[in-house]
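The values are calculated or read from the model by the stated rules, or taken from the named source; none is laboratory data. Every value quoted in this text rests on a predicted model; they were computed, and no experiment measured them. Neighbour counts are summed over all protein chains in view; Cβ atoms, including those assigned to glycine, are modelled from backbone coordinates with ideal geometry. Each accessible area value is taken on the protein alone, full model and side chains, heavy atoms only, with ligands, DNA and RNA left out. Shrake-Rupley method; radii C 1.70, N 1.55, O 1.52, S 1.80 Å.
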Amino acid sequence: MLMFHPAIVRGGTKVDLPRPILVFRVRDAWDFEKMKVPLRDGDQLTGHSRQGADIAIEGQIGQHSGSLKVTEPEMLAVLETLRDTLSVNATAGTFSLVVFADESSTDHRYFKACTTTKFEFDLSNQHLYSFSAMIHAADPHLYSGLLPE
């Protein structure tokens, strides 16, 4: 059964996002040309094409990969892993963002060609660190099946 199970997959390595996830918002947008005809009410839109998807994720570092992370050093270690996983540079390249997974099979729902556009974290609460990531999926389709390498 498919369940919400967000993770990053890069180079055959899968890294689960820390839980709980408080916000997982996907924004689709379309390009178009807007034309206005003089002396005629209204306007006309033409040439719709879909842009990549922008994905906003907000969460807290309470558990990671099924184990509780309750001390500051444990939460910091998870935060460092998450920062490294989301890092984009010449060698790291793009990644896939898993949204749903069926742990009893190979069925997944995921975005391909993803890059991180922004990553923030808040260390002000020593009992529960929080994070926020903006991810851009250049390919806006939600794929299903086996995870890509």
Value at 222 nm in deg cm²/dmol, rounded to 500, when DSSP H runs of n ≥ 4 in the chain each add -39,500 (n - 2.57): -3500 deg cm²/dmol
Options Ser144, Gly47, Leu79, ranked by Cα towards positive dipole end of the stretch 2-145, top entry (Cβ charges): Gly47
Flagged links, alpha-carbon separation over 28 Å, of Lys69/Lys118; Lys34/Lys118; Lys14/Lys69: Lys34/Lys118
Heavy atoms of Phe111: accessible area, 1.4 Å probe, square angstrom to 10: 10 Å²
Nearest-10 value in Å² for the accessible area of Leu68, using the 1.4 Å probe: 120 Å²
Sequence of Asp102, Asp41, Asp31 when ordered by accessible area, the most exposed leading, probe 1.4 angstrom: Asp41, Asp31, Asp102
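How would Met3, Met35 line up by accessible area, probe 1.4 Å, largest first?
Sorted by accessible area, descending: Met3, Met35.
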Ranking by accessible area, most exposed first, for Lys14, Lys36 with a 1.4 Å probe: Lys36, Lys14
Span from the the stretch 114-128 Cα centroid across to the the stretch 1-48 one, whole angstrom: 21 Å
Nearest-10 value in Å² for the accessible area of Thr115, using the 1.4 Å probe: 40 Å²
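Can you compute the charge dipole magnitude of the stretch 2-145 about its Cα centre, using +1 on each Lys and Arg Cβ and -1 on each Asp and Glu Cβ, nothing else charged? Give it in debye, rounded to the nearest 20.
280 debye
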Between helix 72-86 and the chain: long-axis angle, C-alpha atoms, 0 to 90°, nearest 10: 40 degrees
Label corresponding to Rg/Rh (Cα atoms, Kirkwood Rh) when calculated from the structure given, among (i) 1.01; (ii) 1.07; (iii) 1.10: (iii)
Tensor-based shape of the stretch 64-115 (alpha-carbon gyration tensor, a/c under 1.5 rounded, otherwise prolate or oblate): oblate
